[in-house]
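Read the figures in this text as sums done on the coordinates, not as results from a lab. Everything numeric in this text was worked out from a predicted model, so none of it was measured. All Cβ positions, even for glycine, are placed from backbone atoms using ideal geometry, and neighbour counts span all protein chains on display.
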Amino acid sequence: MQSYTNRNRQKGAALIVALVLMLILTIIGISGMNMATLELQMAGNSQAAQLAFQAAETGIDVALSGQVSTAVPITYGTQTLGDGSYEFDGSIVCAATTRVPEGAYSEDIAARAVHFDATVTGRGPRNAVSRHSQSVYIVGPAPGNPNFNPAVSTGSC
């Protein structure tokens, strides 16, 4: 009769163990789904940041390949690219003029280097923003302005 009472005490043990295991598996499944959702959002944010980066790079290319002016900054209003999910705006400004190093030309002519700074902000989906700056200079013959005389120090635009 002793074995019959032990069997009565163990009737619910298998059910409780099974429920605890199901609870553990449910928690693991939910946390796995949450991690997958988070990784999907992270991938989307990374893609949006790359689109903003590419928009800013395109803006730099547009600014540096267009006209330049030593008198006034040239501003590019918002330009939409691709399917409209990303855009850029920016400007190119004459920053300074400097002398060209000696020996830059084979002839003895006065030359100047005009420095330009292009600054562009690219925007992508999900409010991603990327701001890029790039500087270039153009070498050309110097007019009669003393700022461009190789014997004189650097000047402004």
Phi-based couplings in Hz for region 49-54 (Karplus 6.51, -1.76, 1.60; Gly and Pro marked x): 5, 5, 5, 5, 4, 5
Quote the FRET efficiency, to the nearest 0.05, computed for Ala43 versus Gln134 with a Förster distance R0 of 30 Å and r equal to the Cβ-Cβ distance. 0.55
Quick one: Thr97, Thr70, Thr75, fewest Cβ neighbours within 10 Å first, how do they rank? Thr75, Thr70, Thr97
Zone reached by a paramagnetic label modelled 7 Å from Arg126 Cα along Cα→Cβ, restricted to region 10-51 with backbone N below 16 Å, covers 35-51
Between the modelled labels at Val20 and Gln50 (7 Å from Cα along Cα→Cβ) the distance in nm is 4.7 nm
